[in-house]
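Contents: one structure, followed by commentary.
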Amino acid sequence: MYATLEHQCVLSSQAISDLTGEEGFQGLVQGLLRANWGMNWEDWWRLIEWSCRHPCEADVRMGVDEERGIVLGLIEMWLRREEVVELPGVRERVEALRGHLLGAELRSE
């Protein structure tokens, strides 16, 4: 799902790259991404954050430690993306989630 959203973000950026200048560009891309794909980075990270903060004990879900490792890897990949600088609210949410996951990792050891 992450890779698909990443790809859709590139497509949305390319679709409007000739329509606007640098200022506010990512806001337009995120709006287009939400309209075309049903979610943008803010929506994605809100979903992931909720899932990580509300683990369930059902057998249908992967283990909490495995999920934590995957999400931490995705966080590191996402924080290296160019548009992160222009999405400060989302970046703060993601960094807070990383802190939560790292704290949970230390508590489980």
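Assuming charge only on the beta carbon of Lys and Arg (+1) and of Asp and Glu (-1), the dipole of the chain about its Cα centre is about 180 debye to the nearest 20.
Could you work out the relative contact order of the chain? I mean the mean sequence separation of Cα pairs under 8 Å and 6+ apart, divided by the number of residues, in percent. Over the chain, the number comes to 25 percent.
Note on the chain: along the principal axes its Cα atoms extend 50, 26, 17 Å, ordered by decreasing extent. Using the rule -39500 (n - 2.57) for each DSSP H run of four or more residues, divided by the residues of the chain, the 222 nm mean residue ellipticity is -23500 deg cm²/dmol. Pro88 sits among other residues whose Cβ lies under 13 Å from its own Cβ, and their net charge, with Lys and Arg +1 and Asp and Glu -1, is -3.
Values in this text are rule-based calculations from the coordinates and carry no lab data. What you are looking at is a predicted structure, and each value in this text was computed from that prediction instead of being measured. Here Cβ is always computed from backbone atoms with ideal geometry, including for glycine, and neighbour counts include all displayed protein chains.
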